[in-house]
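Take a look at the structure set out below.
The values are calculated or read from the model by the stated rules, or taken from the named source; none is laboratory data. Nothing here was measured: the structure is a model prediction, and the numbers come from that model. No Cβ is skipped: glycine too gets one built from the backbone with ideal geometry, and neighbour counts run over all protein chains shown. Keep in mind that these areas ignore ligands, DNA and RNA; they rest on the heavy atoms of the full protein, side chains included. Shrake-Rupley method; radii C 1.70, N 1.55, O 1.52, S 1.80 Å.
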Amino acid sequence: MNRSIHRRQGWKTLFGRMDVRQLEQHEEKVLFILTLMIGAAVGLVIVAFIVLTENLGSRMYPAGGAAWRRVLVPTAGSLLTGFLLVRYFRDARGSGIPQTKVALFLHSGVIRLRTVIGKFLCSSISLASGIALGREGPSVQIGAGIASAMGRQFGLGPEKTRTLVPIGASAALAAAFNTPIAAVLFTLEEVIGDLHARVLGAIVISSATSWMVLHLLLGDEPLFHVPAYQLVHPVEFILYAALGALGALVSTLFIRLLLRLRHYFSRMPAWTTWLQPSAGGLVVGILGLFVPAVLGVGYGHVSEALNSRMALGTMALLVVLKVVATASCYSSGNAGGIFGPSLFIGAMLGGAFGAGAHMLMPDYTGSVGAYALVGMGVAFAGIVRAPMTSVFMIFEITRDYSIIVPLMVANLTSYFLSSRMQKKPIYEALMHQDGIHLPTAPRARDEETSVSQGMRAPERVLQGTDRVADVLPALPPGDSAWAVVNRGGLMGMVTRRRLLEAAESGGGGKTLAELLPGFEPQKVPTAANFPHLHPDQSLEAALRRMAESGLDELPVVSRTDPRKMIASLGLEDAMAAYRGEKAGEPAAPAAARRTASMGRMAVVIALMIALGGFLSWFYRSRRTDRAEEHAVRGESLMAAGRPAEAVEQFRSALSISHSFRDRLALASALVTARRWNEAEIYFRELGREQPGSGPVNLGLGRIAAQKGNVGEAVGFYRRAVYGTWPEESPLRGLEIRRELVDFLGRSGQAARVRAELLALAAECPDDPGARRETAGLLLDHALAAEAAAMYREILAGSPRDGAAHAGLGRAEFELGNYAAARDSFRSALLQNPGDAASEARLQVVERVLALDPGARGLRAAEKYARSRALLEAVLASLDGCLEREGRTPAEALRGRLETARRSLDRRGRPRSYGDAVEENLALAAELWRERMRCPGPPADEALGLVMERFSE
């Protein structure tokens, strides 16, 4: 005490020139500065908590680690934390949210710094070792403890310190979950229990400050990436309501299992307390040996469920196993919360429900991921009983607003039904198990004068063993009632009238305990046993209790132990409190505290700025190196054809750097791994950041092509062609257009294919290889004339290009320019004698030219000879076909066959070459039409090409 006074006097001397009255007039400004400091400090600590937990967890469970680790690590980790919790940090067990509420309402906001350190250390070990609990609950107690410690260090009184607790809690949750709005709502809805609390503004400021610190150090990255969801059919509202009902049932079972197990552990011998957490670690280790997804909080698996990448059976199994694992870990006394596990349970429950609904009604239901998302809110609303927080939290952690109405329907259904099946919310039930009953009307208590403002230490306390005759003469005449205690605590109140009656009736030898009606040592004192008060009750309630009991003085007892008397309140004390005569501490000490607070505040601000700057520089330099290492590993895995493993490396790099480059690498790897929905999420984000990026538009084009969205794919591909690229290449546009043409060709978009190819030809770079490839694409898609023109341009610059000669030959062949095609193929073979394809094409062309009776420059006799050769070839092809089929020709066909044979048997010169040629060609055309009715193409390609012309 003396040391504290000297310290305050020292600060007062140091800042003696300050006008204390001015500081008192600017109390709101001081609170604002302190709120900013708490938000920044809590943000730094929670970031350290996250980083430490993740790094420690990655070392405990390295990639490819042995299966035995999944049993040994959680068991050993929980055994170590069990020892630390019992030996050094008894107040750091459990979630941290009930403990924060107890400190807020019963202990004037006091949370010891030792508890904060213990919570940080034990929760880090527990979570990193794979215990199936979350980090959000411990973060709340850590943040509230930091705020409490800062308030007491600055010399604030109990009421002001109590005010800072929800401020720190909100800052912690905003940083732990990256959800500043939900943090504010949860603090008001659950921690304070009043959405209209007077500290609302400070809570918002601390949450925003902590969130900014988080983003400064770890970047802007949502907890989960989800595809766009939508309501497919109105009947889905019924399904979402059914999901809410199912979530209420699962939430109730989870709460009851946890409470029953916790009750069982509480009845075990006290010496086993340090061993109990290892039971939860062993349970989760055994489950994790067979199903590793049970280990830890499991946000990675939640992401898979949100992106519809988990099977129905797997998700249903994980619901059961996670309920058992989390209930075992929490009830056995491990340090950790139920925020994260409730989201995991909800995601798996919703995913399994959605998968089943989609199997039964595929035309009326959305994706499995949509139901998994709603399931997260359903479980949170059913378990934690914070419906407003559950809606906004799901919105913030996914940043998806499209399914907010179904989420509200399902959440409120779950909240309503779970509150009917399990009357007490989980945090309230946990406190009741510990014998703690919090007040139920915080807003009314804040606005009214409380018992604590008028209570005083009792002037006289009587012992239960005292005798009436001994006590009565020594009692002061002005008092009318006194508290009676024994070794077990408060026994009740005895009045002067009762003592006088006992003395007059000959009971002077009785003990005071005998005068108390119905007193039983093992029975908890209640208002029915004897009148009493609590410090947080209103003076109005106290006066009502005095009137009902007929006493003008009542004992004030603790809510955690009703037999523990902490003060008394008399009628005169209540009147004085109403008049404001008991205002607390004298003015001089209060002024000293404020002066000291300002000095300490200035020092702490300077230290925080310096510490924050150093941590930011150090962490950024370290995480840049780590991100680069993960990115290099990812690129190596992509080169090795292992995209699934590369995805995890790029994801790790992105979680550290949050850079455009790493996000793009991850999205591209997801496309290669054919994980289209998840890839689209990242590419959409990248597109919003850099809409003109070539790689981003190319990725979006590939995804649209995979989904069959032709128009959207064409738009993205074209933007990719003209977009910006990290390294410019004249051939990149050609490659992208070739990919687009290939997609359009597979989609049957012939007109668009030709349009793209013509654009490609017009923009083709002046590179022989690129131009040959483009000409080949033109040729492959029936643009022979354009292909021929491009091949001629190539040959004009490179006359010895054998491939260009061969391509030109193909183009002339398609155009029916067989003579030009023959010349091109011969030139190709001169440059490349081993070109088998050109050799084969040349033979076909020469045969066509040899059979064609309509070639220019032929004499009449030559035309006649070619017409006979053509008729003979057609007749032989038709006879072969009929023989293969074993078919007898019809009478008309037999007549034409006989006519053809007679014509071929005719020797000598015909009367008219012209008439004979016309007759032979007409007869060959008729027979060829019959030949085309036979299955299979003709063996003689050249014959087919010639007859195709004369059969038209």
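Of the residues in the range 520-537, how many are farther than 15 Å from Arg559 by Cβ and either modelled with pLDDT of 65 or more or of a type in the set (Phe, Trp, Tyr) (or both)?
Selection size over the range 520-537: 2.
Among residues belonging to the range 329-356 that are touching a residue at least 60 places away in the same chain (Cβ under 8 Å) and open to solvent by 10 Å² or more (accessible area, probe 1.4 Å), point out the one that is nearest to Glu236 (Cα to Cα).
Checking each candidate, the answer is Phe353.
Kindly indicate the residue of the range 912-949 that is open to solvent by 60 Å² or more (accessible area, probe 1.4 Å) and modelled with pLDDT under 75 and also farthest from Glu883 (Cα to Cα) among those meeting that condition. Steps first, please.
Restricting attention to the range 912-949, the residues satisfying the condition of being open to solvent by 60 Å² or more (accessible area, probe 1.4 Å) are 915, 918-919, 926, 929, 932-933, 935, 937, 939, 941, 948-949.
Pick out the ones that are also modelled with pLDDT under 75 and you get 935, 937, 939, 941, 948-949.
On the way: Pro935: 13, Pro937: 16, Ala939: 15, Glu941: 20, Glu948: 23, Arg949: 26 Å.
It comes out as Arg949.
Of (1) polar (S, T, N, Q); (2) in contact (Cβ under 8 Å) with a residue 12 or more places away in the chain; (3) within 20 Å of Ala755 (Cβ to Cβ), Asn709 satisfies all except one. Which?
That leaves (2) as the condition not met.
If you scan the range 64-92, which residues turn out to be touching a residue at least 12 places away in the same chain (Cβ under 8 Å) and either small (Gly, Ala, Ser) or not assigned by the TED database to the domain that holds Ala144 (or both)?
Ala67, Ala76, Gly77, Ser78, Gly82, Ala92
Can you name the residue in the range 12-58 that is modelled with pLDDT under 60, over 25 Å from Val184 (Cα atoms) and of a type in the set (Asp, Glu) and is also least open to solvent (accessible area, probe 1.4 Å) among such residues?
Asp19
So, Ser95, is that one surrounded by fewer than 24 Cβ atoms within 10 Å (Cβ to Cβ) and hydroxyl-bearing (Ser, Thr, Tyr) or not?
On the way: surrounded by fewer than 24 Cβ atoms within 10 Å (Cβ to Cβ): no; hydroxyl-bearing (Ser, Thr, Tyr): yes.
No: the conditions fail for Ser95.
The rows are residues; the columns are (1) among the hydroxyl-bearing types (Ser, Thr, Tyr); (2) touching a residue at least 40 places away in the same chain (Cβ under 8 Å); (3) within 30 Å of Arg800 (Cα to Cα).
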site: Ala836; (1), (2), (3): no, no, yes
site: Val848; (1), (2), (3): no, yes, yes
site: Leu878; (1), (2), (3): no, yes, no
site: Gly886; (1), (2), (3): no, no, no
site: Ala890; (1), (2), (3): no, no, no
site: Tyr913; (1), (2), (3): yes, yes, no
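Among Ala840, Ala865, which is the only one that is assigned by the TED database to the domain that holds Arg911, assigned to a helix (DSSP H, G or I) and open to solvent by 40 Å² or more (accessible area, probe 1.4 Å)? Talk me through it step by step, then tell me what you get.
On the way: Ala840 fails: assigned by the TED database to the domain that holds Arg911.
Matching residue, one of Ala840, Ala865: Ala865.
Scan the range 355-376 and tell me whether some residue there is at pLDDT 85 or above and in contact with a Lys or Arg (Cβ under 8 Å, 6 or more places away or on another chain).
Within the range 355-376, none of the residues are at pLDDT 85 or above and in contact with a Lys or Arg (Cβ under 8 Å, 6 or more places away or on another chain).
Does the range 740-758 hold any residues that are within 14 Å of Leu778 (Cα to Cα) and either open to solvent by 50 Å² or more (accessible area, probe 1.4 Å) or in a loop (DSSP other than H, G, I, E, B) (or both), and which are they?
Passing the criteria: Asp742, Ala750, Ala751, Arg752, Arg754, Ala755, Leu758.
Within the range 765-780, identify whether any single residue is part of a helix (DSSP H, G or I), closer than 19 Å to Glu941 by Cβ and at pLDDT 80 or above, and answer yes or no.
Within the range 765-780, none of the residues are part of a helix (DSSP H, G or I), closer than 19 Å to Glu941 by Cβ and at pLDDT 80 or above.
So in the range 44-89, with the set limited to residues that are of a type in the set (Ser, Thr, Tyr) and in a helix (DSSP H, G or I), which one is nearest to Ser139 (Cα to Cα)?
Looking at residues that are of a type in the set (Ser, Thr, Tyr) and in a helix (DSSP H, G or I), I get Thr53.
Is one or more of the residues making up the range 707-725 open to solvent by 50 Å² or more (accessible area, probe 1.4 Å), of a type in the set (Ser, Thr, Tyr) and modelled with pLDDT under 80?
Among the residues of the range 707-725, at least one is open to solvent by 50 Å² or more (accessible area, probe 1.4 Å), of a type in the set (Ser, Thr, Tyr) and modelled with pLDDT under 80, which makes the answer yes.
Restricting attention to the range 138-158, does a residue exist that is under 28 Å from the mean Cα position of the chain (by Cα) and without any contact (Cβ under 8 Å) to a residue 24 or more places away in the chain?
So far as the range 138-158 goes, no, none of its residues is under 28 Å from the mean Cα position of the chain (by Cα) and without any contact (Cβ under 8 Å) to a residue 24 or more places away in the chain.
Quick one: which of Arg70, Arg90 is charged (D, E, K, R) and either modelled with pLDDT of 85 or more or under 19 Å from Lys322 (Cβ atoms) (or both)?
Arg70
Which one is farthest from Gly300 (Cα to Cα) among residues in the range 59-92 that are of a type in the set (Lys, Arg) and surrounded by 16 or more Cβ atoms within 10 Å (Cβ to Cβ)?
Of all residues in the range 59-92, those of a type in the set (Lys, Arg) come to 59, 69-70, 87, 90.
With the extra rule that they be surrounded by 16 or more Cβ atoms within 10 Å (Cβ to Cβ), the set shrinks to 69-70.
Working: Arg69: 19, Arg70: 17 Å.
Only one residue fits best here, namely Arg69.
With touching a strand residue (DSSP E or B) at 6+ places or on another chain (Cβ under 8 Å) and of a type in the set (A, V, I, L, M) as the only criterion, which of Ile338, Ile345 stands out?
Ile338
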